[in-house]
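Here the structure is laid out as structure tokens; the discussion comes afterwards.
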Amino acid sequence: MSAVASLLARQAAAGDAFDPTNVDLDTADPRDIICYLNAGENEYDGRLGARISAIFVILIVSSAVTFFPVLATRSKKLRVPLYVYLFARYFGTGVIVATAFIQ
């Protein structure tokens, strides 16, 4: 017998219904809460590789854009227009500040 079926059988025997939208966690039976959570649909579709690779793409792109102004000012061979340099500089600063706020 599945957990959902046992929950429904217990509720039918007791004559009360578990309302998941109105739960008092102090008085609710923990078995009912856990059973309701387990019966819910999970939206995870198994694309773990895509999620992990997305983290590395974000890491590489943000690192490249963050270090670009430093490399552009130190390298005299790399002639970068001022607006590109300023965009990269402010974008890199935004990445650092956003990371600080998240932490």
Note to self: Which of the numbered conditions does ASN42 fail, given that it passes all the others? Conditions: (1) modelled with pLDDT of 70 or more; (2) within 28 Å of the chain's Cα centre (by Cα).
What the structure shows: (1)
Next item on the list: Name every residue in the range 85-103 that is in contact (Cβ under 8 Å) with a residue 12 or more places away in the chain and out of contact with any helix residue (DSSP H, G or I) (no Cβ under 6 Å at 6 or more places or on another chain), in order of residue number.
Entry: ILE96
Margin query: Out of PHE56, PHE87, PHE18, PHE68, I need the residue that is assigned to a helix (DSSP H, G or I), modelled with pLDDT under 80 and among the aromatic types (Phe, Trp, Tyr). Which one?
Written below: PHE68
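The values are calculated or read from the model by the stated rules, or taken from the named source; none is laboratory data. This one's a predicted model, so the numbers in the text were calculated from it and none came from an experiment. FYI the Cβ positions are ideal-geometry reconstructions off the backbone, even for glycines, and counts take in every protein chain you see.
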